[in-house]
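One structure below.
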Amino acid sequence: MIGRQKTYRVELTEEKKLLQQQVLARKTGQSKARRGKIILKVDESPDWTDAQIAEEINCSPALVRKWRKRWCQTRSLEEAPRPGRPSLFQAIVKAQVTAIACSKPTDFDIPLARWSCSDIGAHLVTLGIVVAIATSTVWRWLKSERIKPWRFHAWMHRIDDNFVEKATPVLRLYAQAKFLLSAGFWVVCVDEKTSIQARLGLHPNKAAGVEQPVHFAARYVREGATHLFAALSVAEGLIYGCCSPTKTFLDFQTFIISVLIPEAIRRGVRHIYLILDNGSTHAPKQLQAWLNQKQKQEGWSFTVEVVWLPKYASWLDQIEIWFSILQRKLLTPNDFPDSQRFQKLLHRFLQPARIHPCNAIANHPNLRSRNSVNAFPASKNARSTLRSKCRRSLCSCSVNSGISTAATSIVAKAGFS
């Protein structure tokens, strides 16, 4: 059957083999393979009508006409670029969304802490920039710019102008704590975890089940509070602690006299480096003089030197690492019948039989027992991991210089041979 003369006649030369390969290839899309079949059939049967080719390929005659014409014009099976839906907003609107997202709501006198997509859209309408805009549109624009103004995280400024000078001795003590201990110099971090409340839930807790977490009562009754004074032996990762109903300088003195000093005597050290923050409980203007006086009165065979952390830098105290472990392991969720019961659990948490919390960092179950009643035994790997984590998080490049010779300089400065 011979039809009318075709306006667009297809004649394949070297493209025929390439088209056959594309049609037979497994990775070729179905629509593209169909287009190739149409072009090949048109070349094989130049006298066939579009309807006959469509019936053979199992498609519409309009599709045959379209790709016959497209092939003659472009010699390609690819789709032509589509303009899509016309843009409803100009580029300046997108730029204004980005500018608003990168500012604070208070800059526009809006009583919000941070932006959301709906808030930004509403503000655009308020400013008269747009009549209406979908929240999803604002979200899509911000996603393309990788801006998330609804997210936030805390970060710290260096407030003390002499931060590096004050932090360097502390970080050197951390880095050389093990060597110093072998020479008779004990590095200890001391701080307190204040106002630990004993909360009794109005309903008993429910243990975890299949696809169910632990459930605890949201409403509770306060059954008192206590304060925990604790010390960390940096070289070994051992924890010493005791509870107190109040948090005063007298309580802090009692902790030093009743816990740290007996342990220092048992160890037979020659010098104690006491690392502390500038909290009022530690009485920065009185502590060193009081320690010197007690050393003379009691005839201690060692001296105690207080090493103060920079102002507003209590996070440099390594005891805070253990406080976070205590919070996760024992205090969350908080469900204790009374303060006395809580203190008993806390003392059991401080027993040598209890797995050292620092092992959670090192993931090492092996323990070494100690005779110290309030000390946590830790494996060598646990202690090493704890120290290395602290070094990486605390020692920046600017304060890391001179660590290899720090111990020698510290020993010489203390006046011990």
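All of the numbers you see were taken from the coordinates with simple rules; none came from a lab. Keep in mind that what you see is a predicted model, and the values were worked out from it rather than measured. Neighbour counts are summed over all protein chains in view; Cβ atoms, including those assigned to glycine, are modelled from backbone coordinates with ideal geometry.
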Under Stokes-Einstein, the stretch 91-145 at 4 °C and 1.567 mPa s, with its Kirkwood radius over C-alpha pairs, diffuses with a coefficient in µm²/s of 116 µm²/s
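Using the Cα centre as the reference, give the magnitude of the dipole from point charges on the C-beta atoms of the stretch 91-145 (Lys, Arg: +1; Asp, Glu: -1; all else neutral), rounded to the nearest 20 debye.
Details: 5 positive and 4 negative charges, 41 e Å.
The dipole magnitude comes to about 200 debye.
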What is the spread of the Cα atoms of the stretch 116-157 along each of their three principal axes, largest first, in whole Å? 41, 20, 12
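Assuming R0 = 51 Å, can you tell me the calculated FRET efficiency for the pair ARG270 and LEU200, based on Cβ-Cβ distance, to the nearest 0.05?
Values: r = 48 Å, r/R0 = 0.94.
Efficiency, from the Cβ-Cβ distance: 0.60.
Taking a cut-off of 25 Å, what percent of all Cα-Cα pairs in the stretch 93-243 are separated by more than that?
On the way: 7529 of 11325 pairs.
Summing the P(r) of the stretch 93-243 above 25 Å gives 66 percent of all pairs.
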So which GluC sites (Glu not before Pro) in the stretch 191-255 pass both tests, a DSSP loop state and at most 16 other Cβ atoms within 10 Å of the Cβ? GLU211
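Note the full-extension length gain between GLU14 and SER87 as 0.36 nm times their separation in residues minus their Cα-Cα distance, in nm to one decimal.
Working: separation 73, 0.36 × 73 = 26.28 nm, distance 4.22 nm.
Roughly 22.1 nm would be gained on extension.
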Checking the stretch 45-129 for trypsin sites (Lys or Arg not before Pro) in a loop per DSSP with at most 14 other beta-carbon atoms within 10 Å yields ARG75, ARG114
What aspartates and glutamates does LYS247 reach when the alpha-carbon gap must be under 20 Å and sequence neighbours fewer than 8 apart in one chain are set aside? ASP191, GLU192, GLU223, ASP277, ASP317, GLU320, ASP338
Please work out the C-alpha center-to-center distance from the stretch 46-74 to the stretch 231-286 and express it in whole Å. 91 Å
